[in-house]
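The values are calculated or read from the model by the stated rules, or taken from the named source; none is laboratory data. These figures come from a predicted structure and were not determined experimentally. So basically every Cβ, Gly included, is an ideal-geometry build from the backbone, and we count neighbours across all protein chains shown. Accessible surface areas use protein heavy atoms only, side chains included; no ligands, DNA or RNA. Shrake-Rupley method; radii C 1.70, N 1.55, O 1.52, S 1.80 Å.
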Amino acid sequence: MLIGDAAGLAYSQSGEGIRPAIESGLLAASTLIEANGCYSRHRLELYQQRCRARFDAGPLLRSLSHAVPTALMAKAAGRLLDVPWFVRHVVLNRWFLHALDPALAIR
């Protein structure tokens, strides 16, 4: 079981990886506890499913990021980064801190 950066879980927008590292560690620990000493592939695949559910951006978001031309993204980014509200609420709170993401619930 790989966790955090070893599992490639840093957020692609910001490169931030502390939250995914901690959360994936909690998911791994929970999966191991639930396996109750039976560490078969079948029992540990639950960890992969939980990570995908928690960290996968989804196919729509991935395809949208490839659909916008790079030159257009660069021009828009330059203008948006001059707007303090955008930097604070979108770049920092949403993209970097993921402040709107719900807390991880471990069973």
Which of the peptides 1-8, 66-73, 87-94, 21-28 is most tightly packed, and how do the rest follow, judged by the mean count of other Cβ atoms within 10 Å per residue? 21-28, 1-8, 87-94, 66-73
For Arg94 and Ala53, calculate 0.36 nm times their separation in residues minus their Cα-Cα distance, and state this gained length in nm to one decimal. 12.9 nm
Run the Debye formula on the Cα coordinates of the chain, all scatterers equal and no solvent, and tell me log10 I(q)/I(0) at q = 0.13, 0.16 1/Å. -0.61, -0.82
Under the classification rounded if a/c is under 1.5, otherwise prolate if a/b is larger than b/c and oblate if not, where does region 17-58 fall, given a ≥ b ≥ c as square roots of the Cα gyration tensor eigenvalues? oblate
Test of understanding: what is the full-extension gain from Met1 to Glu45, defined as 0.36 nm times their sequence separation minus their Cα-Cα distance? 14.9 nm
Give me the accessible area per residue for the chain, probe 1.4 Å, as a whole number in Å². 73 Å²
The chain, relative contact order [Cα under 8 Å, separation at least 6], %: 26 percent
Inter-label distance, nm, simple model (7 Å from Cα along the C-beta direction), Glu34/Asp101: 1.9 nm
Search the structure for amide H atoms under 5 Å from the amide H of Glu16, placed 1.01 Å from N in the peptide plane, and list their residues when 5 or more places away or on another chain. Tyr11
With only helices counted (DSSP H, runs n ≥ 4, each -39500 (n - 2.57)), the per-residue ellipticity at 222 nm for the chain, to the nearest 500, works out to -16000 deg cm²/dmol
Under a Cβ-only charge scheme (Lys and Arg +1, Asp and Glu -1), can you give me the dipole magnitude of the chain about the Cα centre, in debye to the nearest 20? 180 debye
Phi to ³J(HN,Hα) by Karplus 6.51 cos²θ - 1.76 cosθ + 1.60 over region 35-49, Hz, x for Gly, Pro: 5, 6, x, 9, 9, 6, 4, 4, 5, 8, 5, 4, 4, 4, 4
Would you mind telling me the share, in percent, of accessible area of region 5-107 contributed by carbon and sulfur at probe 1.4 angstrom? 63 percent
